[in-house]
Structures are given as C-alpha cells and as structure tokens.
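First the structure, in the form of structure tokens, and then the observations on it.
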Amino acid sequence: MITSSVPITIEKVKTSGVKEVNINEVPFGKVFTDHMFVADFKNGEWTNFRIIPYQNMSMSYAMSALHYGQAIFEGMKAFRQDNGNTVVFRAKDNWARLNKSAVRMAMPEIPEEVFMEGLLQLLSLDKEWAPTSENGSLYIRPLMIATEEIIGVKISNEYQFVIIAAPASVYYTQPVKVLIQNTFYRSVKGGIGYVKAAGNYGRSLYPTKLAQDKGYQQILWTDSETGKYIEEAGTMNVMFVKNNVILTPELLETLLPGITRDSILKLARKLNISTEERKVSIEEILKSIEDGSVTEVFGVGTAATIAHITAIGYEDKDYVLPPIEQRKYSSMFDKMLRDIRKGRVADEFNWLMQVK
Ligand SMILES: Cc1ncc(COP(=O)(O)O)c(C=O)c1O
C-alpha cells in the first residue's frame, strides 16, 4: 500500500494489456501502458489527482492550447535493471525543466510532490511495461496543456497535467546523417528555445522534412543571429570529439539544456576527460573533420541516448566521419550510462529513483 501526501485516486484497468504486446519490440511512442496520471488546474490550484486507465480526452475545439500554444512537455525514461527492479533516470531534473517551461509559457508550475507521487504511483502500477531488453526502456511523457474553453489571446485559467508512458526500443534504427541548416532557425534570442514548448517542435517539422527529402535524418540548427554557430540537433544536443576533448555548444537561451548532455559532461569530468562548452562554428567543425582532428560527432538526448552521426551535410557536400567501430568516447559514454541505468555499477551521482 502506497502512502502519499498527495491524495491520488486510482482506477485500475480490468485487465492489463501488457501481455498483448511484445514490449521488447514495439516501435517508439506508439503503444501506451495501462494507466495515466492526470491533474487539473482550476481556480488557481492543482486538484483532482487521479490515475485512470489510459484513454482519450474529451475537449472543446476552443481549447486554448490548440490555438495559442500553451503546451509544454518532458521526456524521460524508466529502466528495468538486471535484478528486475525498475528505476527512473534523473526525474527531478525533468520536473525542474518542466517548471522552467511553465514559467516561460505563463503556465502554473507543478509542485514537486505532485509530479513525483503521480509518476511513482503510475510506474508502480505499470512497471511490468518496462522492457527487459538491453536497449529497451519505458519512455515517460509528462505534459501540460491549457484547457480553458475560450477564443482570445490570453493566459488560460485552466490546465491539465498528464503523465503517459510507452515501452520503447531504439529510437534511431540506422546511423544518423545530419544537415546543417542556416536558412530556417529553431529559436531566437529572447525566444523559447531553452524550454520544451510544443511550438519549438511544430516550427522544426518543415525544415526537417526538407532535410529528410535529401536523405538526412536530422538537422543541425545554427544560431539565428549569424547562422555561423552550431546549436543543437533536432531532438538532441550535439557533441564533438576534437583532439580527445569533448566539445559541445555552450548553453544559451536558444538551446535546450539537455539532461543527457549534462550527464555525459559529468561522466567525462569524473574520468578527467577534458570538456569544452563554448561557441562551435560550422567552419571549425567542417575543417576539423577534413583535417582529422574531429573524430566523433554524436547526438545526445533521452530518446536516442547516444546517436552516432556518420556525416554532416553542408551546401551540397557531405563531411564524412570515421566509422562507428572507431568511436571510443561516444561508445564508452553509451556503455557507462547503460551500466548505471541497468544497475551494473554504483549510481554515484544519485541519478536513479526506485519504483516500488
Ligand atoms: C530540442 C531538444 N534538444 C535536446 C534534447 C535532449 O534533452 P534531454 O537529454 O534532456 O532529453 C531534446 C530532448 O528532450 C530536445 O527536444
């Protein structure tokens, strides 16, 4: 029996759907677990905390989020460890980032205990959905949307906070080629690039489609002021290994401060591997790929963990990187993160939270 300071009502499914799918094989983000956590914001406070069977919502077409974009979300993962336990990775950091997004989008912050209790009780019910495979995980999607029924550009008075979860296998099934983009921009100075607002993703889809039509999986975004500096890649931050230094663009207000990025920088520093967070120009990177000083390029994010980038396209030319088998650093970080999550090594940074 779970005791909690947050009064959560629980309505369980009659029969779990977990036996009907192969949780180790499902495609990313298409199959959802039995339950979801929901909270409503009304009359200035969060209320009506509930875990219910996963279901559709009923809404008005005048719902504010659909028109004026007050919609934010998070992405995090739970893992099945070798000993059978289920753990969540860095959930507190996702909670903190969700609240940063809420502040920027003029939405109410979600109290830590509501987020954590909702999450842990949901996972406690649905933990059998966490894949047992080596690269599988339970992807967790907290989101907040403006639900007031009103036409008119204003801050909504009503919101819903929801947590849903989906078993996930690998995100990228093939190596990733990225295209440098300096015609369209993901974010601008003074904008919302540093938060996880739905609008950041909506605006990225058309340029990403253009890149995909040319055979690239993702875009490498550049800064909108000069178009000369690399910022991040689609749904990942980006890292370069240059002369054995882990180099990554510094966090400006135009970049999402990735939790995976932070984890890798912390692991590198623990191992006394040099790291640099600074401006990274297109010119520097392309030249360094050509002269062989950049030996690895990889995307880092919750969904993909580490995505090896095989080539960077710029102005109709591909700058090809050394083969994946030679990627010493990115493969090492991938293994280190997996070992922590799977419980094979000590959780020195206190990143894991146990699901009961
Ligand atoms: C735009 C963007 N950049 C970077 C990341 C990586 O962040 P994290 O490592 O916290 O998943 C994500 C994914 O959340 C993202 O959507």
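The values are calculated or read from the model by the stated rules, or taken from the named source; none is laboratory data. Computed from a predicted structure; not experimentally measured. In this analysis, Cβ positions are derived from the backbone assuming ideal geometry, glycine residues included, and neighbour counts consider all displayed protein chains. SASA here: full protein model, heavy atoms, side chains in, ligands and nucleic acids out. Shrake-Rupley method; radii C 1.70, N 1.55, O 1.52, S 1.80 Å.
The GluC sites (Glu not before Pro) of the range 125-154 meeting both criteria, a DSSP state outside H, G, I, E and B (loop) and at most 16 other C-beta atoms within 10 angstrom of the site's C-beta, are GLU134. The charge dipole of the chain, taken about its Cα centre with unit charges on the Cβ atoms of Lys, Arg (+1), Asp and Glu (-1) only, comes to about 360 debye. Ranked by the mean number of other Cβ atoms within 10 Å of their residues, highest first, the peptides 188-200, 270-282 fall in the order 188-200, 270-282. Gain on full extension, evaluated as 0.36 nm per residue between ASN22 and PHE184 minus their Cα-Cα distance, stands at 54.3 nm.
With q set to 0.18 Å⁻¹, the log10 of I(q)/I(0) for the range 9-170, from the Debye formula over equal scatterers at the Cα positions, is -1.10. Taking all protein chains together and rolling a 1.4 Å probe, HIS308 ends up with roughly 40 Å² accessible. DSSP beta bridges confined to the chain are antiparallel in about 80 percent of cases.
Taking the Cα centroid of the range 244-286 and of the range 94-112, what is the distance between the two, rounded to the nearest whole Å? With the range 244-286 and the range 94-112 each reduced to a Cα centre, they are spaced 25 Å. The coefficient of translational diffusion for the range 80-156, derived via Stokes-Einstein from the alpha carbon Kirkwood radius under 25 °C and 0.890 mPa s, stands at 168 µm²/s. For the range 299-325, the residues whose backbone nitrogen is under 17 Å from a point 7 Å from the Cα of GLU134, taken along Cα to Cβ, are 305-308, 324-325. Summing charges over all other residues whose Cβ lies under 10 Å from the Cβ of VAL238, with Lys and Arg as +1 and Asp and Glu as -1, gives -1. Ligands, DNA and RNA are left out, and with a 1.4 angstrom probe the accessible area of the range 176-338 is 42 Å² per residue. The calculated Kirkwood hydrodynamic radius for the range 176-338 is 15.7 Å, given to one decimal from all distinct C-alpha pairs. Farthest toward the dipole's positive end in the chain, which of MET63, ASN182, SER16, given Cβ charges of +1 (Lys, Arg) and -1 (Asp, Glu) about the Cα centre? Of the listed residues, the answer is SER16.
Mean projection of the Cα convex hull over all viewing directions, computed for the chain: 18.5 nm². Semi-axes of the equivalent ellipsoid of the range 133-213 are 28, 23, 10 Å, computed as sqrt(5λ) over the eigenvalues of the C-alpha gyration tensor in descending order. To the nearest 10, the accessible area of MET36 is 20 Å² with a 1.4 Å probe.
Compared with the dominant Cα axis of the chain, that is its longest principal axis, helix 259-270 is turned about 60°. Working from label points 7 Å from Cα in the Cα-to-Cβ sense, the LYS154 to LEU252 distance is 3.7 nm.
The accessible surface of the chain, taken with every protein chain in place and a 1.4 Å probe, is 51 percent carbon and sulfur.
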